Amino acid sequence: MLKGQLITLDEFTIQETRKFPQATGELSSLLRDIALAGKLINKQVRKAGLSDILGAQGTSNIQGEEQMKLDVLADETLIHVLKNSTDCAGIASEENDDHVCFEDTVSTNSKYVVLFDPLDGSSNIDVNASIGTIFSIYRRVSPIGQPCTIEDFLQPGNKLMAAGYIIYGSSTMMVYATKLGVNGFTLEPSIGEFCLSHPNMKCPENGKIYSLNQGNTVKYSAGLKAYLEYCMESNKAEGRPYSHRYIGSMVGDLHRTLIKGGIFMYPADSSSPNGKLRLQYECNPMTFIVQAAGGTGSTGTMDVLDVQPTELHQRVPIYIGSKNMVAKAIAMAHAPETV
Ligand code: P6P
């Protein structure tokens, strides 16, 4: 990349495709479609305070969570763009009870399916904190030429072809991973293009930030409480004590963790044995990204990517981020409880 030369997402994905003569360019084309949806959602998010789309929609999703107007708008935008893509056979979304098959001929002949959380962290919408779109891309297992099936959406994370997020923060960025690595693109509003700004992203092996909702501490296991004590105490072996940062938006907390290092946790607790975050469109895509950048994502007992999904909206506990911090947290949190 020449100094000062902008490389757009389109140019980058085409250059990546050229590295593999056998590549058809369909995955790159699908990533560009998702980027388009991100730009359309960004336009609405950026003006949320000025037009009547703030606040609750007055409906709830399958999770029983109140849907914000922007949630629904983001969901509809992604479905519209992907339905018109030439490379997507169907979708599954946090905001929809069941998966959606696109029945037209082009879609049924497409080889990929997409799962997404259209606007993660939506409780932050009204307070102008970072929110994001999270997506997973799988090669379908159902026969091409026929409508996609639920099995296409219940594949483990270790079958992912690509995953990424768009963060609507102080700037708007698209970060995505393939097996080739992780790259970040910042939206340049003057040309309406995502431009390469964070090539070959790596998650530091260590960090000084731990991130979780400490309001749940009373419900955590003794081992996890011991780990939190460890984080809060001045630990001379590691210099200054850790800092606690928690936005309450997985995309915001994970983007910081990916860049600065650290650990993000949404563990199991006495009232939520599987934690809160959804496997197929939060934990798997984020783990795929972090692991492609050299970090770790675990349920506490196994690699997140190895969990065999049984339900579209199932939840798993997650410990994710700098590999040395995740290892330490799991060793303490899952230490045999002394009697
Ligand atoms: P809590 C947002 O609602 C979300 O799904 C994630 O983005 C975030 O990490 C988590 O839930 C926050 O949950 O219980 O701390 O408010």
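Observations, loosely collected:
- Pairs over the 25 Å Cα-Cα cut-off, from the set K69/K208; K19/K159; K39/K323; K83/K111: K69/K208; K39/K323.
- Local electrostatic count, Q214, Cβ distance below 12 Å [Lys/Arg +1, Asp/Glu -1]: +1
- Distant-in-sequence amide H partners of Q57 (H built 1.01 Å from N, under 5 Å): Q67, M68, K69
- For the range 170-232: span of alpha carbons on each principal axis (Å, largest first): 51, 25, 19
- Charge dipole (Cα centre; +1 on Lys/Arg Cβ, -1 on Asp/Glu Cβ; no other charges) of the chain amounts to roughly 1280 debye.
- Neighbour cut-off at most 11 other Cβ (10 Å), DSSP loop, trypsin sites (Lys or Arg not before Pro), the range 134-240: K179
- Kyte-Doolittle mean at least -1.0, axial Cα span of 27 Å or more - DSSP H helices of the chain: 26-46
- Cleavage-rule hits (trypsin sites (Lys or Arg not before Pro)) in the range 32-121: DSSP loop, at most 11 neighbouring Cβ within 10 angstrom: K47
- Cα-projected label distance for E66 with S270, points at 7 Å along beta-carbon direction, nm: 2.8 nm
- For the chain, the relative contact order comes to 15 percent (Cα pairs under 8 Å, sequence separation of at least 6).
- FRET E, pair K179, N84, Förster distance 25 Å, beta-carbon r, rounded to 0.05: 0.35
- The range 209-333: equivalent-ellipsoid semi-axes (sqrt of 5 x gyration tensor eigenvalues, Cα, Å): 22, 17, 13
- Rg in Å to one decimal, and Dmax rounded to a whole Å, for the range 147-272 via C-alpha atoms: 18.0, 59
- Ranked M174, M332, criterion: other C-beta atoms within 10 Å, fewest first: M332, M174
- Where both bridge residues fall in the range 40-131, DSSP classifies roughly 50% of the beta bridges as antiparallel.
- Along the chain, longest interval not containing exposed GluC sites (Glu not before Pro), exposed being DSSP loop plus at most 10 other Cβ atoms within 10 Å: 1-232
- Between the listed residues C231, Q314, M161, the Cα displaced farthest toward the positive end of the dipole of the chain, a dipole computed from Cβ unit charges relative to the Cα centre, is found at C231.
- With N the number of residues in the chain, Rg(Cα) / (2.2 N^0.38 Å) evaluates to 0.98.
- Cα coordinate range in the range 9-198, projected on the principal axes (Å, largest first): 47, 36, 28
- In this simple spin-label approximation, S190 and K19 carry label points 7 Å from Cα along the Cα→Cβ vector, and these lie 3.0 nm apart.
- Separation of the range 284-314 and the range 202-236, taken as the distance between their Cα centroids, equals 20 angstrom.
Since every read-out is calculated from the coordinates, none of them should be taken as a lab result. Not measured: the values here are computed from a predicted model. Don't worry about glycine lacking a Cβ; one is built from the backbone with ideal geometry, like all the others, and counts go over all protein chains shown.
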